Amino acid sequence: MDESISPVDPPERLTALLEQARKAGFLGNGPIDTHIEHARVLIDAIPAGASTFVDLGSGGGVPGLVVICDRPTMRGALLDGSTRRGAFLTAAVTTLGADDRIDVWVERAEVVGRDAERRGRADVVFARSFGSPAVVAECAAPLLRVGGVLIVSDPPDGGSDSNRWAPIGRAPLGLRLVRHEVGPPAYSVLEQVDACPDRFPRRVGIPAKRPLF
C-alpha cells in the first residue's frame, strides 16, 4: 500500500485507493467518479435487510470498496484469486478501517463455493467484469443463501439482452432473473430461489472451459 495515502475523510480516501488500483492495472479506464457512480447503482439494488455480501472477483475494489464505505453496517468479503490484487484489497480494507467486518479471500471462487463454512451464507453477491454469465452464475450461486440475490453488471453492448440470463442455464443453479436494467449502467438482479445443488461449482477452471450455457 502506498504510504502517501493518509487517513482523510472517507470519500477522499476511497478515491485515492481507486486511483492506486488504476495505477496498478487493477481498474479500467474512465474517471474514478464514474466507477464510483456505477458501483452505487449496483448498491442501490441491495434488498432491504441484507447484511452480508461477497464481491466476486473484486479486482480493483469496485464495487466492494464502495460498498464498505456506503454501507458501514454490512459485513462481507472481497474475493479475488490474484495474490497481487489480494494484497491491495487487504491493505485497502485496513485503510478504510473495516478490518473488523470485511475479509479478503485470496482464492478461486470455485474453491470458496465448495467450502461448507462459506457456502450458502451471503445475502448479496456482486459481480462486475468477473466473467461470462455462465461463469458468474456458477460461481455466485453456491455462495448465496436461499432468498439472496446476485447483482451483476452487464456490458454496455449486451445490456439490453436479458437472454444473457436464459432459464436453460440459470435454473439448474437455483437462480431466477427478477430484474434487468438496460442502464446505463446495465445490470441484472437474480434471486437464489432454491439452494444451489451440491455438484456446483465444478472444479477450478471447468465453469469457464465447459460453461453451462
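Which of Arg84, Arg170 has the fewest other C-beta atoms within 10 Å, and how do the rest follow up to the most?
On the way: Arg84 12, Arg170 23.
Final ranking by Cβ density, sparse to dense: Arg84, Arg170.
In the neighborhood of Gly81, defined by Cβ-to-Cβ distances under 10 Å, what is the net charge if each Lys or Arg adds +1 and each Asp or Glu adds -1?
Here the count lands on -1.
Under 37 °C and 0.692 mPa s, how fast does the chain diffuse according to Stokes-Einstein, given a Kirkwood radius computed over C-alpha pairs? Answer in µm²/s, whole number. Mind dumping the intermediate values first?
On the way: Rh = 17.1 Å.
After rounding, the answer is 192 µm²/s.
Compute the orientation-averaged projected area for segment 166-213 from the convex hull of its Cα atoms and round it to one decimal in nm². Show your work: numbers first, answer last.
Details: hull surface 16.2 nm².
For the Cα atoms of segment 166-213, the hull's average projected area reads 4.0 nm².
Taking 8 Å as the Cα distance limit and 6 or more residues as the minimum spacing, I'd like the relative contact order of the chain as a percentage. Walk me through the intermediate numbers first.
Details: 400 pairs, mean separation 37.3, N = 213.
In percent, rounded to a whole number, it is 17.
Using the Cα atoms as the points, what is the convex hull volume per residue of segment 132-213 in Å³?
81 Å³
What ranking of Lys23, Lys209 emerges when the number of other C-beta atoms within 10 Å of each C-beta is taken as an exposure proxy, fewest first?
Ranked by crowding around the Cβ, least crowded first: Lys209, Lys23.
Please list 50-61, 106-117 highest first by mean number of surrounding beta-carbon atoms within 10 Å per residue.
On the way: 50-61: 23.9, 106-117: 16.8.
Descending mean neighbour count gives 50-61, 106-117.
Could you work out the local net charge near Pro211, counting Lys and Arg as +1, Asp and Glu as -1, over the other residues with Cβ closer than 11 Å to its Cβ? Numbers along the way, then the final one.
Numbers: positive: Arg202, Lys209, Arg210; negative: Glu138.
Computed value for this residue: +2.
Would you pull out the residues with amide H under 5 Å of Ser51's amide H, same chain only if 5 or more places away, H placed 1.01 Å from N?
When sequence neighbours closer than 5 places are left aside, the close amide H contacts are Asp123.
Identify, among Pro133, Pro172, Thr95, the residue whose Cα sits farthest towards the positive end of the charge dipole of segment 87-173, taking +1 on the Cβ of Lys and Arg and -1 on the Cβ of Asp and Glu, with the dipole about the Cα centre.
Pro172
Cut-off is 10 Å between beta-carbons; in what order do Glu138, Glu37 appear when sorted fewest neighbours first? Before the final figure, lay out the partial values.
On the way: Glu138 29, Glu37 12.
Sorted ascending by nearby Cβ count, the order is Glu37, Glu138.
Residue farthest toward the positive end of the dipole of the chain, with Cβ of Lys/Arg at +1 and Asp/Glu at -1: which of Leu56, Ala45, Gln192?
Checked the options; the winner is Gln192.
In debye, nearest 20: dipole of segment 10-209 around its Cα centre with unit charges on the Cβ of K, R (+) and D, E (-)? Present the calculation step by step, with values, prior to reporting the outcome.
Working: 24 positive and 24 negative charges, 110 e Å.
With only Lys, Arg, Asp and Glu charged at Cβ, the dipole is about 520 debye.
Every number in this text was worked out from the coordinates using simple rules, so none of it is lab data. Source: prediction; values computed, not measured. Here Cβ is always computed from backbone atoms with ideal geometry, including for glycine, and neighbour counts include all displayed protein chains.
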